[in-house]
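Comments concern the structure below.
The values are calculated or read from the model by the stated rules, or taken from the named source; none is laboratory data. Please read these numbers as outputs of a predicted model, since none were measured by experiment. Because the Cβ atoms are built from the backbone with ideal geometry, glycine has one as well, and the counts that use them run over all protein chains shown. Note: areas computed on protein heavy atoms with side chains; ligands, DNA, RNA excluded. Shrake-Rupley method; radii C 1.70, N 1.55, O 1.52, S 1.80 Å.
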Amino acid sequence: MDKLRVIVSGGGTGGHIYPAMALIKRLKERDMIDDVLYVGTEKGLESKIVKQAGIKFETIEIKGFKRKLTLENVKVMQLFLSSVGKSKKIVKNFKPDIVIGTGGYVSSAVVYAAHRLHIPTIIHEQNSIAGVTNKFLGHFVDRIAIAFKEAQDQFSEKRKIVFTGNPRAQEAVGIKPNDRLKELNLTPGIPTVMIFGGSRGATPINKAAISSMDNFSNENYQVLFVTGRVHYDDVIKKIDKKYLNSANISVLPYIDNMPEVLPDINLIVGRSGATSIAEITALGIPSIFIPSPYVTHDHQTKNAMSVAKNGAAKVIPESELTADGLFNEINQIMNDEGVQKKMSEASKKTGVPDASDRLIKVMTTLVNK
């Protein structure tokens, strides 16, 4: 088939941006791109990430609606209509074969504009609970790609829904075991648990990990504790130096290219964002999820339960998190190879290692209609 001209739009958080970037990467690997344009906002995280990747980038100005009826929403609606107008110009100039939205306010204007211009459109919903933007766009697009089967209940247009998984999964599954643990002050080949509360870190998870250091120091497995850059200095002050010097404990603020470390991790403890789950399950890693209670519609809990129901993960609500409870859950898994094996197999069954290719198939089917 002819190569594709593709517009991708998604922004606000990494959860919307990284799946889009993974899809673009896979299209390039398969030599299926004639040209690609990413449309985002200048202030959003996407501006930095997309530009660094050397992908064409254009911006529109848009804001999200407030959940309550306010005068501010009138201004937001005016901004939306003007951004649809600018998006139409961008689409007409670029002449895409297809337009894909991965969530965030910016994608609402871009995908809606493409729909109005009769360009094939897809939205990708990463979470088990659909975002406001994707719920709105679901009425207009040609296909709704989902990463959790539970998300299909969020859309009334059932005939449009297709389960593809999250493109980040396919990106992660290609990573092989390596020696990166050596760079992180640990020994490759020794069973390792990673405790990580997300890029900014999570205070409750950090507190529980700090209080478990004495217990961890006596175990045969290694602990890779990633605090988040914001919390690192404070965490280091609270940990006894003898634990920081322990051969089986490494405390770091952040790990660049985090997915590269995952194939050598036996257990992950952390939040249950959609991107993390896609990577973890693609590689079949057992996990203990402590969902963030601060996200919209508590979607991280729904994400975590979706994985846990198959035996691939344990879930500890943040309100029930204690140092002893966390240590005991980690110990039960790390000291029992049989439990690890069962959880790993269940995790792999949950994962979608060909997620990008599935989404690409949906794209090509629409373009060739």
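Assess whether ASP336 counts as being crowded, with 20+ Cβ neighbours inside 10 Å, within 24 Å of ALA208 (Cα to Cα) and among the acidic types (Asp, Glu).
No: the conditions fail for ASP336.
Which pairs have Cβ atoms under 6 Å, sit 6 or more apart or on different chains, and link a residue in region 46-61 that is without any contact (Cβ under 8 Å) to a residue 12 or more places away in the chain to one that is buried (at least 19 other Cβ atoms within 10 Å of the Cβ) and not in a helix (DSSP H, G or I)?
none
If you check GLU171 against the conditions, is it open to solvent by 10 Å² or more (accessible area, probe 1.4 Å) and either in contact (Cβ under 8 Å) with a residue 12 or more places away in the chain or within 29 Å of GLU58 (Cβ to Cβ) (or both)?
Here the answer is yes, as GLU171 does meet what is asked.
Look at ILE280 and say whether it is among the β-branched types (Val, Ile, Thr) and either in contact (Cβ under 8 Å) with a residue 60 or more places away in the chain or out of contact with any Phe, Trp or Tyr (no Cβ under 8 Å at 6 or more places or on another chain) (or both).
For ILE280, the condition - among the β-branched types (Val, Ile, Thr) and either in contact (Cβ under 8 Å) with a residue 60 or more places away in the chain or out of contact with any Phe, Trp or Tyr (no Cβ under 8 Å at 6 or more places or on another chain) (or both) - is met.
Within region 113-134, which residues are surrounded by fewer than 24 Cβ atoms within 10 Å (Cβ to Cβ) and part of a helix (DSSP H, G or I)?
Result: HIS115, ARG116, VAL132.
Just the residues that are at pLDDT 90 or above and either part of a loop (DSSP other than H, G, I, E, B) or exposed (fewer than 12 other Cβ atoms within 10 Å of the Cβ) (or both), please, taken from region 49-78.
Hits for region 49-78 are GLN52, ALA53, GLY54, ILE55, ILE60.
I'm trying to understand the selection: among the residues of region 351-366, which are touching a Lys or Arg at 6+ places or on another chain (Cβ under 9 Å) and open to solvent by less than 60 Å² (accessible area, probe 1.4 Å)?
Within region 351-366, VAL352, ALA355, SER356, ASP357, LEU359, ILE360, VAL362, MET363, LEU366 meet the criteria.
Which members of region 287-300 meet the condition of being open to solvent by less than 30 Å² (accessible area, probe 1.4 Å) and more than 23 Å from PRO167 (Cβ to Cβ)?
Those that are open to solvent by less than 30 Å² (accessible area, probe 1.4 Å) and more than 23 Å from PRO167 (Cβ to Cβ): ILE288, ILE290.
Restricting region 150-168 to residues that are closer than 18 Å to LYS349 by Cβ and in contact with a strand residue (DSSP E or B) (Cβ under 6 Å, 6 or more places away or on another chain), which is least open to solvent (accessible area, probe 1.4 Å)?
So, considering only residues that are closer than 18 Å to LYS349 by Cβ and in contact with a strand residue (DSSP E or B) (Cβ under 6 Å, 6 or more places away or on another chain), the one least open to solvent (accessible area, probe 1.4 Å) is THR164.
Counting just the residues of region 1-35 that are in a strand (DSSP E or B) and open to solvent by 10 Å² or more (accessible area, probe 1.4 Å), which one comes out nearest to ASP97 (Cα to Cα)?
Top of the filtered list is ARG5.
Looking at region 191-220 only, could you name the residues that are under 16 Å from ASN335 (Cα atoms) and either touching a strand residue (DSSP E or B) at 6+ places or on another chain (Cβ under 8 Å) or hydrophobic (A, V, I, L, M, F, W, C) (or both)?
Those that are under 16 Å from ASN335 (Cα atoms) and either touching a strand residue (DSSP E or B) at 6+ places or on another chain (Cβ under 8 Å) or hydrophobic (A, V, I, L, M, F, W, C) (or both): PRO191, THR192, VAL193, MET194, PHE216, SER217.
Considering region 80-89 alone, what residues qualify as being closer than 25 Å to THR364 by Cβ and open to solvent by 10 Å² or more (accessible area, probe 1.4 Å)?
Hit for region 80-89 is LYS88, nothing else.
Scan region 301-315 residue by residue and report those that are open to solvent by less than 20 Å² (accessible area, probe 1.4 Å) and more than 12 Å from GLU150 (Cβ to Cβ).
Result: ALA312, ALA313.
Kindly provide the set of residues from region 38-48 that are out of contact with any strand residue (DSSP E or B) (no Cβ under 7 Å at 6 or more places or on another chain) and at pLDDT 90 or above, ordered by number.
Within region 38-48, LYS48 is the sole residue that qualifies.
Answer with yes or no whether VAL50 is on the phi < 0 side of the Ramachandran plot and out of contact with any Phe, Trp or Tyr (no Cβ under 7 Å at 6 or more places or on another chain).
no
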